[in-house]
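Here's the structure, in structure tokens; my notes come after.
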Amino acid sequence: MRQHIAFIGGGNMASAIIGGLIKQGLSPQLIDVVEPFEDARTKLQSNFGITAQPQAGAFLTAAKLVVWAVKPQTFKEAAHSVAAHTTQALHLSVAAGIRSDSIAAWLGTERVVRAMPNTPALIGQGISGLFARAAVTSTDKAQIEQVMSTTGQFLWLEGESQLDAVTALSGSGPAYVFYFMEAMTMAGVEMGFTRDQAYQLAVATFSGASALAQASSDSPQVLRQRVTSKGGTTFAAISSMEDNDVRALFIDAMYAARERAKQLGDEFGKA
């Protein structure tokens, strides 16, 4: 990729994509960033050699792709300041909840793609759900794929509403894993390990189990059953979780996340 790219917002997700693009060979001189916070601008300069700007301006007209990495509540205001400079660009939003109808209306273009990444993108091991509006061409999609591949895996979705479910499963998903890691670490400390020892055991267990699942053609249910001997230690743990409806509560939690994603679109996506 040798086209000019602009980022609106220069936080963690933008930095993950920028870092990946530079590793692919994109010159920092072809990357513009609008970032209102001075500390974030300084970090971008230090990490990538990029001089970020505190506000939008005519320099954005050079961008062939604009990546929106802003918080949902600030998207509309940011769009109003950027729109006049980017009507000819392809737009990629990684902002949670804000629907493409709102983005297209605010920016005056139908060439809009929404992405829902997750934080493992910071180390190139994320996964993103992607949705493109009808005006987005196959060439546009190829450009989006090249950008998103810097963060890990991706998959295209048929319907935009599916992005709310992606948010619930994989977008918020790393927090669920960390939550269970916290619990395992706490239990380990209570059982006599140091916190470092318990944490090492928990992290290695999650990473190893994930790698095994990825390498196997078997379902998670089959993989779980192989570890769960009748009357054994794992059986005791799984039975305790089943008795306490942990599975049902976990599923309920993801529905809550999906509902909140819908609410963000309703709350901050108004014209």
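Summary of values
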quantity	calculated
Close pairs from the range 71-98: first in contact (Cβ under 8 Å) with a residue 40 or more places away in the chain, partner of a type in the set (Asp, Glu), Cβ under 6 Å, at least 6 apart	LEU90/ASP140
Residue among VAL177, VAL166 that alone is within 11 Å of the chain's Cα centre (by Cα) and not assigned by TED's automatic domain parsing to the domain that holds THR61	VAL166
Residue count, the range 130-172 (criterion: in contact with a Phe, Trp or Tyr (Cβ under 6 Å, 6 or more places away or on another chain), without any contact (Cβ under 8 Å) to a residue 60 or more places away in the chain and either in a loop (DSSP other than H, G, I, E, B) or surrounded by fewer than 18 Cβ atoms within 10 Å (Cβ to Cβ) (or both))	1
Any hit, the range 192-206, residues being among the polar types (S, T, N, Q) and part of a loop (DSSP other than H, G, I, E, B)	yes
One residue from ILE123, ILE127 being under 16 Å from LEU155 (Cα atoms), in contact with a Gly (Cβ under 9 Å, 6 or more places away or on another chain) and surrounded by fewer than 24 Cβ atoms within 10 Å (Cβ to Cβ)	ILE127
Single residue of PHE75, PHE59, PHE37 found to be over 18 Å from THR150 (Cβ atoms), exposed (fewer than 14 other Cβ atoms within 10 Å of the Cβ) and within 22 Å of the chain's Cα centre (by Cα)	PHE37
Of all residues making up the range 178-225, the number that are of a type in the set (Lys, Arg) and touching a residue at least 12 places away in the same chain (Cβ under 8 Å)	1
Filter pass, GLU182 being closer than 22 Å to ALA257 by Cβ, of a type in the set (Asp, Glu) and surrounded by 14 or more Cβ atoms within 10 Å (Cβ to Cβ)	no
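The values are calculated or read from the model by the stated rules, or taken from the named source; none is laboratory data. It should be emphasised that the depicted structure is a prediction, and the values quoted were computed from it without experimental measurement. Here the Cβ is made from the backbone with ideal geometry for all residues, glycine too, and neighbour counts use every protein chain on show.
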